[in-house]
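Encoded as structure tokens, the structure appears first; notes follow it.
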Amino acid sequence: MNSPYAKISKQRGMTLIEVMVALAVFAIASLAVVNVASEHIRTLSYIEQKNIAQWIANNHLTQLHLDKKFPSLGNKRSNIKYGVATWYWQQQVTKTQDAKFRSVTIRIFNREDTDAALAELSSFVVKK
């Protein structure tokens, strides 16, 4: 008579070790995807801030060109509310070799306590 244990059937399914290895591979792949996604979001936020800072600097220089008065030499600092955030700007006006021109540099910051400008634009203003 044949015993039920005499014939060993082929294994069906996965062993516990195989399941654990598959879970470990999935967990590592998931962490990589989450890290890439979070870095992408941080980068998008930084690009958005730089873009807005460029707009503010460009608007500031355009306003200087439209004003009738010649900008005075020296540095000025102030802030502007743009969107939902407060932006800080620094204007540096220096003289040039030609007395009819002034060099103007605008730097835009997202925080008051930093020296790292998100945008910096320079232009020349002519005396009218």
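Structure values in brief
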{"read-out": "Order of TRP89, TRP55 - criterion: other Cβ atoms within 10 Å of each residue's Cβ, fewest first", "value": "TRP55, TRP89"}
{"read-out": "Relative contact order (percent, whole number), the chain, Cα cutoff 8 Å, 6+ residue spacing", "value": "20 percent"}
{"read-out": "Helical contribution to [θ] at 222 nm, DSSP H n ≥ 4, -39,500 (n - 2.57), averaged over the chain, rounded to 500", "value": "-15000 deg cm²/dmol"}
{"read-out": "Contour minus Cα-Cα distance for ALA99 and ARG77 (0.36 nm per residue)", "value": "5.5 nm"}
{"read-out": "Residue order, fewest to most beta carbons within 10 Å, for ARG12, ARG77", "value": "ARG12, ARG77"}
{"read-out": "Lysine pair number, Cα distance threshold 26 Å (strictly under), the chain, separation 8 or more or different chains", "value": "21"}
{"read-out": "Net charge over other residues, Cβ less than 13 angstrom from the Cβ of LYS128 (K, R count +1; D, E count -1)", "value": "+4"}
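Values quoted throughout were computed directly from the atomic coordinates according to the rules given, and no laboratory measurement underlies them. On a predicted model such as this, the values are computed, not experimentally measured, just so you know. Neighbour counts are summed over all protein chains in view; Cβ atoms, including those assigned to glycine, are modelled from backbone coordinates with ideal geometry.
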